[in-house]
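S.K.: Take this structure first; my questions come after.
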Amino acid sequence: MIARTLPRMLGKGAHLSRSFATSIQARAPLVSSNYRIASGIVLSRTPQITRDSTPFEKAYFDYSEKLERQSAIPLPADFYFKKGSLAERRWKEDEAARMKAMADPKLSLSEAVKETQVKQEDADVTTQMNKFETGSRLSEADKKNDIKSLNRALQRTLYLIVKKPRDQHAWQFPQGAVEEGEYLHDAAERELEEECGKNMDVWFVGRQPVGHYAYKFPEDHVAKYPGATGAKVFFMKAHVFAGQCNPDNKEVVDFAWVTKDELPNYVSPEYFNAVKDMLSDL
Amino acid sequence: MLSRNAIHRVSSAARSTLKLNRTLATEATPSFAAPKTNVNPAYDEALKLIAQDKEYRYSMLKKVEKELAKVKKANNSPTQKQQLTRLQQLAIDLQVKAELNDPEVQWRFRNGMRDMNRPVHRYMVEREFQKDRKSKLLERVLQMRVCPDILEQFDPTAQVIVEYDGNSVQEAGIFLQPGETVKPPTVSFVNFHEETKLYTVMMIDPDVPDQERQTYQQQCLWLNTNVPLSTTQPVVSGGDTILPYVPPHPQKGTKYHRYTILILEQPSGKIEVPSVEDKRFDTRSFIQQYQLSPRGVSFFREVWNEDVSRIYADILKEREPVFGKPPKASKYLEDVGRKSKKYLLL
Amino acid sequence: MSLFARTGRLSLSRQQLLRAAAPAPVTGGSGDQRLEIIRRVLFEQPTRETPNLEGEALQQHETIERAWKLHQNQERERRNRELEKKFRKMSAAMNELEKTSDRLFKAAIVKSRHITFPREMKIPTETPSPQGWNHDYTPPVEVVPAKNS
């Protein structure tokens, strides 16, 4: 019974939250057993490029490439290349470089060919024009250490953290109170839009929280706003595909895209211990 | 000491145990020559990775050993025994995995220099048996019906090596000559437990004709109980000899005999066996009576030749029986060309 | 001796192959010699031979392969550990949510009827896009159909 009625209820809830999004103050925050319930957003940018291979991986790939070549069927060059053509000349140069690399265990096949290809490109104008352009694995943002850019640390997962206008516990994941009658995932979507702007292409992975963190409010805060002694944050996972965070400068004054390793530089140790297990190492 | 010639005939497994048991010190063993480094970068990096892993596992092992000492001190814990066995298993696992990738360990194993004191070699020998030898052994045992004929099918845990003077049973079920098996064999059971356990070792011939009952009977040719075996002492010696060794003597006129060597563990410790009759031996009821659990098996086959007559005359001191099919009366011809009567007049 | 220093020594089948790959001798001008080459390329594909290593090269090879297996094992264990941590964290969060609010918990366990997966999701590539990240994204403007009064 519940299973059948819930989707409909959910639909209604989603509709309600959307209609109330324009009038935020209309609703009271949700409190359960003296804890205010909040919804946090772990917004991640997945790795854009493969990780660097370790020295062993690199050596192993070179080794197996050579082993493979040793047992491979030789290419019938006459079949594929016209005699005296440019393509044949280039292939022969590559082949000579490969033969040289085979005799030297410290030289890898792909590197040997790369060198000759660079020479060929320098010599030839047409290839320079048709050259296939690739980005650099180490970006400008990495060199400048621009923590606001999404072009940085391309091999790692980046997480969005925002700065609140206060001295203690200023940096944290974007979060906001869940209102009465609202669900966690609705609150997460609403809060992200409110705090970080609309100019991000975001996908929320599911409706289940990926982690939680409970903390007590300081006593002066409780005296000022009675009703709740602490907060429970449930983190929702999301991915960003394009766009940039635009802080509203009211609730949030600054932001940064950081890796898991960089996170302890911004947040308190308790906060980091609570969230570290739900973040990716790479 | 075996002759040079004999060594060549022994299988690699048998050779390894031979070295292990006797001649490790006397024969000049080749020493491990590691390949040159700084030639192939992949090899250098591989060595680095293996060394790193080894170091890590040994550091873990130190932690486990500390934990072990702590658990041993705590006397009043109800789960102490469980914890101890788990930690000991973990320690052995760490030791094995730390050493397993070492090129020298691999090289020594491949060249038959197996040191059963080291956990890593024990692990490798056991894995070799489980992965490779066991299936072949079971195939032979089942194909030649040793298993349903003598006892039910069971799961052998380790290899049984049977060596006669200058000859060894490399593969279960090979044919040997009766002349080669006059003296008792050296039986070794390549087990993997460090502590000494007691075993019963027996040799059964299930193919002796039983003329009275017109069937076959089992004969126990050799029965030793309370044989202490451990991984460093795999050779069967000592214990109580209930039935001394009788050389295999396949009777004339019978088909091949399967001489089966069984290794049975005595889980409840020492057993007292009064004298047993070797003829019409019942292995199944013997196992049940003394609550033994079969652990290893090996067998070889023999057929009659002239040596058997000599064994009967010199060792058994009996008249040699000769078996054959009973002469069949012709149904149709009585004398030359005359048909026998179908109905007799009484 | 290095593994690759003996490239000069070739096996029989490889010699045959090289001969097949070499241009066919010109025979009296009758017939197209290209056909012969095509025939060889298409049909004469002998099985690839594994390099027969021996001695030191074999020992090195085995050590390298062992290390590669070890490396893969380590990577797999690392990944599994990370996944397990994430899973435990998630399950703890769900338990906490169940204790906190029944309504929120029930909403969280409901699967959406329209399970979607973004096509913008990409797997990592060897080099990044030359354009880099699109920082100037703006959401598409919703086209509201004009209402007929």
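The values are calculated or read from the model by the stated rules, or taken from the named source; none is laboratory data. Bear in mind the structure is a predicted one, so any value in this text is a computation, not a measurement. Ideal geometry is used to build each Cβ from the backbone, glycine not excepted, and the neighbour counts take in all protein chains shown.
S.K.: Might you check whether a residue that is touching a strand residue (DSSP E or B) at 6+ places or on another chain (Cβ under 9 Å) and within 30 Å of C:Arg66 (Cβ to Cβ) occurs anywhere in segment B:159-166?
M.R.: yes
S.K.: Further question: If you scan segment B:234-266, which residues turn out to be assigned to a loop (DSSP other than H, G, I, E, B) and within 23 Å of B:Pro148 (Cα to Cα)?
M.R.: Of the residues in segment B:234-266, the ones assigned to a loop (DSSP other than H, G, I, E, B) are B:234, B:236-239, B:244-251, B:253-256, B:266.
Scanning segment B:234-266 gives B:Pro248, B:His249, B:Pro250, B:Gln251, B:Thr254, B:Lys255, B:Tyr256, B:Gln266.
S.K.: Listed residues A:Ser64, A:Ser136, A:Ser110; which is under 29 Å from C:Lys122 (Cα atoms) and assigned to a loop (DSSP other than H, G, I, E, B)? Don't jump to the end; show me each part of the working.
M.R.: Working: A:Ser64 fails: assigned to a loop (DSSP other than H, G, I, E, B); A:Ser110 fails: assigned to a loop (DSSP other than H, G, I, E, B).
It is A:Ser136.
S.K.: What residue, of B:Pro206, B:Pro185, B:Pro178, B:Pro148, is outside the structural domain of B:Glu104 (by TED's automatic domain parsing) and surrounded by fewer than 17 Cβ atoms within 10 Å (Cβ to Cβ)?
M.R.: On the way: B:Pro206 fails: surrounded by fewer than 17 Cβ atoms within 10 Å (Cβ to Cβ); B:Pro185 fails: surrounded by fewer than 17 Cβ atoms within 10 Å (Cβ to Cβ); B:Pro178 fails: surrounded by fewer than 17 Cβ atoms within 10 Å (Cβ to Cβ).
Every option except B:Pro148 fails the conditions.
S.K.: Right, another one. State the number of residues belonging to segment A:236-282 that are assigned to a helix (DSSP H, G or I) and small (Gly, Ala, Ser).
M.R.: Here is the first cut: in segment A:236-282, the ones assigned to a helix (DSSP H, G or I) are A:263-265, A:269-278.
Subsequent filtering for residues that are small (Gly, Ala, Ser) retains A:274.
The number of residues fulfilling the criteria is 1.
S.K.: Read through the list (1) over 27 Å from A:Ala238 (Cα atoms); (2) away from chain C (no Cβ under 13 Å); (3) acidic (Asp, Glu), then give the number of the only condition that A:Glu191 fails.
M.R.: Every listed condition holds for A:Glu191 apart from (1).
S.K.: Something else about it: Taking the conditions exactly as written (of a type in the set (Asp, Glu), within 13 Å of chain C (Cβ to nearest Cβ) and in contact (Cβ under 8 Å) with a residue 40 or more places away in the chain), does A:Asp186 satisfy them or not? It would help to see each step written out before you state the result.
M.R.: Numbers: of a type in the set (Asp, Glu): yes; within 13 Å of chain C (Cβ to nearest Cβ): yes; in contact (Cβ under 8 Å) with a residue 40 or more places away in the chain: yes.
For A:Asp186, the condition - of a type in the set (Asp, Glu), within 13 Å of chain C (Cβ to nearest Cβ) and in contact (Cβ under 8 Å) with a residue 40 or more places away in the chain - is met.
S.K.: For segment A:210-232, how many residues are more than 10 Å from chain C (Cβ to nearest Cβ) and either without any contact (Cβ under 8 Å) to a residue 40 or more places away in the chain or closer than 23 Å to A:Thr46 by Cβ (or both)?
M.R.: Keep residues of segment A:210-232 that are more than 10 Å from chain C (Cβ to nearest Cβ), which gives A:215-231.
Next cut, either without any contact (Cβ under 8 Å) to a residue 40 or more places away in the chain or closer than 23 Å to A:Thr46 by Cβ (or both) only: A:216-226.
Total satisfying the criteria: 11.
S.K.: Restrict the check to segment A:216-225 and report whether at least one residue is touching a Leu at 6+ places or on another chain (Cβ under 7 Å) and in the same structural domain as A:Tyr159 (by TED's automatic domain parsing). First the steps, then the outcome.
M.R.: Step one: filter segment A:216-225 for residues touching a Leu at 6+ places or on another chain (Cβ under 7 Å), giving none.
Within segment A:216-225, not a single residue is touching a Leu at 6+ places or on another chain (Cβ under 7 Å) and in the same structural domain as A:Tyr159 (by TED's automatic domain parsing).
S.K.: Just to verify a result, which residue in segment B:44-85, among those that are within 14 Å of another protein chain (Cβ to nearest Cβ) and touching a Leu at 6+ places or on another chain (Cβ under 9 Å), is surrounded by the fewest Cβ atoms within 10 Å (Cβ to Cβ)? Spell out how you get there, then give the answer.
M.R.: Quick first cut of segment B:44-85, residues within 14 Å of another protein chain (Cβ to nearest Cβ) only: B:44-57, B:60.
Imposing the further condition that a residue be touching a Leu at 6+ places or on another chain (Cβ under 9 Å) reduces the set to B:46, B:49-50, B:53, B:57, B:60.
On the way: B:Ala46: 28, B:Leu49: 25, B:Ile50: 21, B:Asp53: 19, B:Arg57: 18, B:Met60: 16.
This residue is B:Met60.
S.K.: Next question, about the same structure. Filter segment C:67-83 down to the residues that are under 19 Å from A:Glu68 (Cα atoms) and touching a helix residue (DSSP H, G or I) at 6+ places or on another chain (Cβ under 7 Å), then identify the one that is surrounded by the most Cβ atoms within 10 Å (Cβ to Cβ). First the steps, then the outcome.
M.R.: Start the filter on segment C:67-83 by keeping residues that are under 19 Å from A:Glu68 (Cα atoms), which leaves C:67-69.
The next check asks that each one be touching a helix residue (DSSP H, G or I) at 6+ places or on another chain (Cβ under 7 Å); those that pass are C:67-68.
Numbers: C:Ala67: 25, C:Trp68: 19.
Selected residue: C:Ala67.
S.K.: Can you say whether A:Lys163 is over 22 Å from C:His135 (Cα atoms) and of a type outside the set (A, V, I, L, M), as far as the supplied structure shows?
M.R.: Numbers: over 22 Å from C:His135 (Cα atoms): no; of a type outside the set (A, V, I, L, M): yes.
Against the criterion (over 22 Å from C:His135 (Cα atoms) and of a type outside the set (A, V, I, L, M)), A:Lys163 does not qualify.
S.K.: Determine which single condition C:Asp102 fails, assuming it passes every other condition in (1) surrounded by 11 or more Cβ atoms within 10 Å (Cβ to Cβ); (2) more than 7 Å from chain A (Cβ to nearest Cβ); (3) within 29 Å of the chain's Cα centre (by Cα).
M.R.: Here C:Asp102 meets the rest and fails (3).
S.K.: Within segment A:172-180, does at least one residue satisfy the condition of being without any contact (Cβ under 8 Å) to a residue 40 or more places away in the chain, more than 14 Å from every other protein chain (Cβ to nearest Cβ) and in contact with a strand residue (DSSP E or B) (Cβ under 9 Å, 6 or more places away or on another chain)? Outline the logic, then answer.
M.R.: Narrowing segment A:172-180 to residues without any contact (Cβ under 8 Å) to a residue 40 or more places away in the chain: none.
No, there is no match, as no residue in segment A:172-180 is without any contact (Cβ under 8 Å) to a residue 40 or more places away in the chain, more than 14 Å from every other protein chain (Cβ to nearest Cβ) and in contact with a strand residue (DSSP E or B) (Cβ under 9 Å, 6 or more places away or on another chain).
S.K.: Please go through segment A:146-194 and pick out each residue that is within 21 Å of A:Ser268 (Cβ to Cβ), over 16 Å from the mean Cα position of the chain (by Cα) and buried (at least 22 other Cβ atoms within 10 Å of the Cβ).
M.R.: Result: A:Gln175, single match.
S.K.: Another question, if that's okay. What is the number of the single condition among (1) within 21 Å of the chain's Cα centre (by Cα); (2) part of a loop (DSSP other than H, G, I, E, B) that B:Glu272 does not meet?
M.R.: Of everything listed in (1) within 21 Å of the chain's Cα centre (by Cα); (2) part of a loop (DSSP other than H, G, I, E, B), B:Glu272 misses just condition (1).
S.K.: Residues of segment A:39-61 being away from chain B (no Cβ under 14 Å) and either touching a Cys at 6+ places or on another chain (Cβ under 9 Å) or in a helix (DSSP H, G or I) (or both), which ones? Quick ask: steps written out before the conclusion?
M.R.: The first filter runs over segment A:39-61 and keeps only residues away from chain B (no Cβ under 14 Å), leaving A:39-52.
Within segment A:39-61, A:Ile41, A:Leu43 qualify.
S.K.: Can you pull out the residues in segment C:110-120 that are more than 7 Å from chain A (Cβ to nearest Cβ) and either of a type in the set (A, V, I, L, M) or surrounded by 15 or more Cβ atoms within 10 Å (Cβ to Cβ) (or both)?
M.R.: Answer for segment C:110-120, where residues must be more than 7 Å from chain A (Cβ to nearest Cβ) and either of a type in the set (A, V, I, L, M) or surrounded by 15 or more Cβ atoms within 10 Å (Cβ to Cβ) (or both): just C:Ile115.
S.K.: Also, quick follow-up: What number of residues within segment A:240-273 satisfy the criterion of being exposed (fewer than 15 other Cβ atoms within 10 Å of the Cβ), hydrophobic (A, V, I, L, M, F, W, C) and within 13 Å of A:Tyr159 (Cα to Cα)?
M.R.: 0
S.K.: What pairs come out if I take residues in segment B:31-42 that are within 20 Å of A:Leu67 (Cβ to Cβ) and within 12 Å of chain A (Cβ to nearest Cβ) and pair them with residues that are in a loop (DSSP other than H, G, I, E, B) and of a type in the set (Asp, Glu) whose C-beta lies under 6 Å away, six or more apart or interchain?
M.R.: That search, which allows pairs on different chains as well, returns nothing.
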